[in-house]
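Notes follow the structure.
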Amino acid sequence: MGIKSEETKNETNHALAKISRRKLLLGGAATAAVALVKSSFGEIQTAIPESLYIPADPTKVQGPPPFDLGTRSPFERPLKKTSDTSSRTPLQDLYGTITPADLHYERHHGGVPTIDPEKYELLIHGMVEKPMIFTLADLKRFPAFSRICFLECSGNFRTGKEEMMPQEIAGLTSQSEWTGVMLSTLFREVGIKSKASWFLAEGSDAAVMTRSIPLQKGLQDGMIVYAQNGEAIRPQQGYPARLFLPGWEGNTSVKWIRRIEVSDQPYMTREETSKYTEGIKGGKIRQFSFDMDARSIITYPAYPVILQQGWVEIRGIAWTGRGKIVKVEVSTDAGKTWNSAKLQGPVMDKAHTYFRYLWNWRGDETEILSRAIDETGYIQPTMKQLMEARGRDMGGYHLNPITAWRIKRDGTVLFRPEGKA
Amino acid sequence: MLCLKVRWWQVNTKKLKLKRYLTLCLFLALAGCNRSENLQGPTPIESESNPVNTLDTRDWPESFQIGREAQEDEIARQDIDVRPDGEGLPEGSGTVALGKQIYLAKCATCHGRTGVEGPEAKLVARLSRPDYEGRKKPKAIGNYWPYATTLFDYINRAMPFNAPGSLRPDEVYSLTAYLLYENRIVERDEIVTNRNLAKIKMPAKGLFVNDDRRGGREVK
């Protein structure tokens, strides 16, 4: 009897749930209204379904039961900004340092391939004792390794107008916990010949994208990763497996990796010669610029926020491909004086580091800036410093200048564009 | 040789292992000195100050016996890369004339009738052209590509965009010949083959220098 009534109760709950889900999905699709919604950063306009049932008092009505897949609150709509070949992480909408997998930036050279995990194979050959093929199941049987790291495209800089969000300026960086097998583990199985010094990594996308990587990097901390933030890596990030090289320009972490050929020289592929190289002084072109130099960006307050007078916690992220961030300095007087921001621990190697700086804005027009300092002593440069160092033919890769936000008297926050558009 | 790693969670939880930990730290420091010779096995990752990023391999067998040996034909099917010394080029040859025909049929829609009109990447430019004042300097084959072999490799693996990997070797050699000709690198009657492609000198070769950024105070 007791059991039966429990079942009846469950059925009733499911029926209710179905109705509320139908209301939410069908009603939402039919009509949408624009509403002003209070968020932690003030009022924002957002489209919410007109028929979404928002009880006057949520403590007086049962909410929907659990569902087999979680969803964002309908009030939250963080979105990537896309182009034909890339999409940018909405840095201004995120908190902390982990990028939700569906908001991870993308940069593809032949679209996102669909790969059957049952048919996936990784071939390692060339200057090895025993060329081998590993299935996805094989890769997962090896001792696993997890690590939280940023991944950043070396073309991660845009400028040109004041109305630009952090996402538009520097949205080609994201952070995940990556899980997979260390390359050193696989290299141990195939036996690397003593004269080997490079390897070619090849993807199975329509570009069959290739990069040459110094063997030492692979042995030091290279990984073949199959998981991202606790779940299988997303197709947009290389499903079912990709190369991951901590701290190096994103392009070298070849997605959908199918083949590694060990060699004693680089292959000089298109991506490491005509692309991902940058003009520097004297008409020279810099190649194999692997490491991502230290950088930071204030993600709040930033365009399009309208700032209110009073206490503001300036927040942002800092990162370096050369180890750990040791310090982030913030200026609230257009770069005249600098103060240390608080770093959110644990500060990890080659990882986005959250920083905060408390500031009392009294309504004066000013500029706020941040600069990252890493454990090598490198200080994030200004655009002027970069142009002086690299000359007038400076290329568009590896630009990590200090980002300045102008605060107007009315609280408008605008990007201060400088340098090459 | 010195492939010992620190099991950091043991260090944290079992104080008795501290002595062993310190000894291992010393080994790691020594191992770090001659990492380049240590190619046969896994190498310590990062330093002992960052034990989170290390992998404990002390209990590992010589081989996990996971995966299978790759057969010659399996390797040959995928091994399409071409090196700057010409290694990997398939037998074949191509002419400028044939290359032009293929180009107009399969490439011109994206790269323009003569390789400069776009809308996609400009392919033709001369290094000697003194300046592109007021206009963006193109990164084309004649003024930016350091190796002729890269042309074959890239066209072969990734082009044309709407049918990647569909060209036969002779077609790729022909396209390579035509694009080299348009960039004034070879003559109109040049026949490009697997034997001569790697010998073709590219105008931009001397411009490339290796990255010398090393962190620290200097902005480069």
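Take A:83-92, B:192-201 and order them by the average number of nearby Cβ atoms within 10 Å per residue, most first; the result is A:83-92, B:192-201. Counting Cβ atoms of other protein chains within 10 Å of each Cβ in A:361-372 and taking the mean gives 0. Kirkwood radius, chain A, all distinct C-alpha pairs, inverse of mean reciprocal distance: 23.8 Å. Averaged over the residues of peptide A:293-299, the number of Cβ atoms from other protein chains lying within 10 Å of each residue's Cβ is 1.
Backbone phi angles across the stretch A:242-258, fed through the Karplus curve with coefficients 6.51, -1.76 and 1.60 (θ = phi - 60°), yield HN-Hα couplings of 9, 7, 9, 10, x, x, 9, 3, x, 4, 6, 7, 4, 7, 6, 5, 10 Hz in residue order; Gly and Pro are listed as x. Counting only protein heavy atoms and a 1.4 Å probe, the stretch B:79-207 has 52 square angstrom of accessible area per residue. Other protein chain C-beta atoms within 10 Å of residue C-beta, averaged over A:319-330: 1. Along each principal axis, taking the top coordinate minus the bottom one, the Cα set of the stretch A:85-275 gives 56, 35, 28 Å in descending order. A cut-off of 5 Å between modelled amide H atoms, ignoring neighbours fewer than 5 places along the same chain, links residue A:81 with A:88.
Computed with every protein chain present, the accessible area of residue A:312 is close to 10 Å² [probe 1.4 Å]. To the nearest 10 square angstrom, what accessible area does residue B:106 show with a 1.4 Å probe? It works out to around 90 Å². Rolling a 1.4 Å probe across all protein chains gives residue B:219 an accessible area of roughly 30 Å².
Using a cut-off of 25 Å between Cα atoms, the listed pairs A:255/A:342; A:119/A:255; A:281/A:408; A:255/A:350; A:217/B:137; A:327/A:408 include A:255/A:342; A:281/A:408; A:217/B:137; A:327/A:408 as exceeding that distance.
Taking chain A as a Gaussian network of alpha-carbon nodes connected by springs under 10 Å, the highest mean-square fluctuation of the residues A:367, A:329, A:129 belongs to A:129. In a GNM of chain A with a 10 Å cut-off on Cα contacts, which of A:236, A:309, A:380 has the highest mean-square fluctuation? Of A:236, A:309, A:380, the most mobile in the Gaussian network model is A:309. For the pair the stretch A:181-216 / the stretch A:258-289, the C-alpha centres are spaced 16 Å from each other. Couplings for the stretch A:355-365, taken from phi via the Karplus curve 6.51 cos²θ - 1.76 cosθ + 1.60 with θ = phi - 60°, read 10, 9, 8, 7, 9, 9, 8, 9, x, 7, 5 Hz in order; Gly and Pro are left as x.
About the centre of its Cα atoms, chain A shows a dipole size close to 320 debye [charges on the beta carbon of Lys, Arg (+1) and Asp, Glu (-1) only; nearest 20 debye].
Can you show me the helix-derived [θ] at 222 nm for chain A, built from DSSP H runs with n ≥ 4 at -39,500 (n - 2.57) apiece and divided by the number of residues, rounded to the nearest 500.
Value at 222 nm, helices only, nearest 500: -4000 deg cm²/dmol.
Cα centroids of the stretch A:348-411 and the stretch B:76-98: 46 Å apart. Rolling a 1.4 angstrom probe over the protein heavy atoms with all chains in place gives the stretch A:99-231 an accessible area of 29 Å² per residue. For residue A:412, the residues whose modelled amide H falls within less than 5 Å of its own, excluding neighbours fewer than 5 places apart on the same chain, are A:307. Which residues of the stretch B:179-220 end up with at least 30 Å² less accessible area in the presence of all protein chains than when their chain stands alone, using a 1.4 Å probe? Correct list: B:207, B:208, B:209, B:210, B:211, B:213, B:215, B:216, B:217, B:219, B:220. A compact globular protein would have a Cα radius of gyration near 2.2 N^0.38 Å; the ratio found for the stretch B:170-220 is 1.75. Which of the trypsin sites (Lys or Arg not before Pro) found in the stretch A:246-353 are loop residues per DSSP with 10 or fewer other Cβ atoms within 10 Å of their Cβ? Those that pass, being in a loop and sparsely packed, are A:336. Within the stretch B:151-220, the GluC sites (Glu not before Pro) that combine a DSSP coil assignment with at most 13 other C-beta atoms in a 10 angstrom radius are B:187, B:218. Accessible surface of the stretch A:295-415, 1.4 Å probe: 48 percent of it comes from carbon and sulfur atoms.
Expressed in Å, the radius of gyration and Dmax of the Cα atoms of the stretch A:295-415 are 14.6, 44.
The values are calculated or read from the model by the stated rules, or taken from the named source; none is laboratory data. Remember, it's a predicted structure, so these values are computed and weren't measured experimentally. Cβ atoms come from the backbone with ideal geometry, glycine included; neighbour counts cover every protein chain shown. Heavy atoms of the whole protein, side chains included, go into the accessibility calculation; ligands, DNA and RNA do not. Shrake-Rupley method; radii C 1.70, N 1.55, O 1.52, S 1.80 Å.
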